[in-house]
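Each remark here refers to the structure printed beneath this line.
The values are calculated or read from the model by the stated rules, or taken from the named source; none is laboratory data. Not measured: the values here are computed from a predicted model. Glycine gets a Cβ as well: all are built from the backbone with ideal geometry, and neighbour counts include every protein chain shown. Heavy atoms of the whole protein, side chains included, go into the accessibility calculation; ligands, DNA and RNA do not. Shrake-Rupley method; radii C 1.70, N 1.55, O 1.52, S 1.80 Å.
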Amino acid sequence: MDIESMQNQLFFERSEEFLKELHMKKDEYEQWIFKELEEFLEEKSAEYIVISPLYSSFVTKSYEYRLGVYGKDLYLSNLNRSIYKELPLMKRYITEDFATIDKYILGDMQVQEFTDWQKKDIKYRYSLKYLMTGRRVWKELIESFVERINKKNKSVLDNISIVYGLYMERGEHFFSGNIV
């Protein structure tokens with residue numbers, strides 16, 4: 001089996017395990033992130049909350065997401081307040097997967113010799129596979145957050161949009177209070 005096929009199979013199995021374990025810890029993750037999001041809603045001119053995976057953090061292996069609150073002009077607003085969060089469970093899974101990839105590279109005689117740079121590139125590209133899984137996680141967290149806020153005070157979300165996407169790029173609306 002070539003390295004790409006091995007990675008695809010590994011990711012298929014491990015991403016499902018990751019999601020199962022994450023769902024068992026859902027309450028913990030919700031408490032951890034909802035507090036921060038509720039503080040964003042307290043900003044007087046808040047209109048957008050943006051969740052951005054940071055590609056650079058996948059290079060540095062910190063696997064962080066930037067959560068920011070913005071006003072009417074989005075990235076040009078004066079409200080540029082943000083926090084950086086990692087999904088610790090995702091980081092653990094990626095790190096464990098890297099160990100499996102290393103064993104495969106060392107143990108498979110048919111695999112050519114890889115330079116350190118090639119191994120890093122293989123691992124970086126593999127870690128990016130978790131971005132789509134991370135998107136699903138954030139979407140579920142935001143759905144739960146909106147449900148929770150609506151139970152407390154639905155009008156808080158009237159002029160808020162929650163967007164997921166790369167920093168300062170177009171994003172996907174996970175929620176918009178302006179849509180009727």
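Within the full protein context, the accessible area of residue 38 is estimated at about 50 Å² for a probe radius of 1.4 Å.
As a ratio to 2.2 N^0.38 Å, the alpha-carbon radius of gyration computed for the chain takes the value 1.19. What the pair-distance distribution of segment 57-128 shows, using all Cα-Cα distances binned every 5 Å from zero, is 3, 14, 18, 16, 12, 11, 8, 7, 5, 4, 2, 0 percent. When nucleic acids and ligands are ignored and a 1.4 Å probe is applied, residue 20 ends up with an accessible area of around 140 Å². Helices in the chain, meaning DSSP H runs of at least 4 residues, each add -39500 (n - 2.57). Divided by all residues, the mean residue ellipticity at 222 nm is -19000 deg cm²/dmol. Mean sequence separation of contacting Cα pairs (under 8 Å, at least six apart), scaled by the length of the chain, corresponds to a relative contact order of 25 percent. As a calculated quantity, the FRET efficiency between residue 35 and residue 76 at R0 = 30 Å, using C-beta atoms, amounts to about 0.65.
With +1 on each Lys and Arg Cβ and -1 on each Asp and Glu Cβ, and nothing else charged, work out how big the dipole of the chain is about its Cα centre, in Debye to the nearest 20.
340
Where the accessible area of segment 109-164 is counted over protein heavy atoms with a 1.4 Å probe, how much of it, in %, is carbon and sulfur? Solvent-exposed carbon and sulfur of segment 109-164 make up 49 percent of the total. Computed on the Cα atoms alone, the convex hull of segment 83-180 gives a volume of 141 cubic angstrom per residue.
Using a ≥ b ≥ c from the Cα gyration tensor of segment 131-170 (square roots of the eigenvalues), is it rounded, prolate or oblate, where a/c under 1.5 gives rounded and otherwise the larger of a/b and b/c decides, a/b for prolate? Oblate shape, in that a/c is at least 1.5 and b/c is the bigger or equal ratio.
Indicate, rounded to the nearest 5 percent, the antiparallel portion of the DSSP beta bridges found entirely in the chain.
If we restrict to bridges inside the chain, about 80 percent are antiparallel.
In this simple spin-label approximation, residue 173 and residue 136 carry label points 7 Å from Cα along the Cα→Cβ vector, and these lie 2.5 nm apart.
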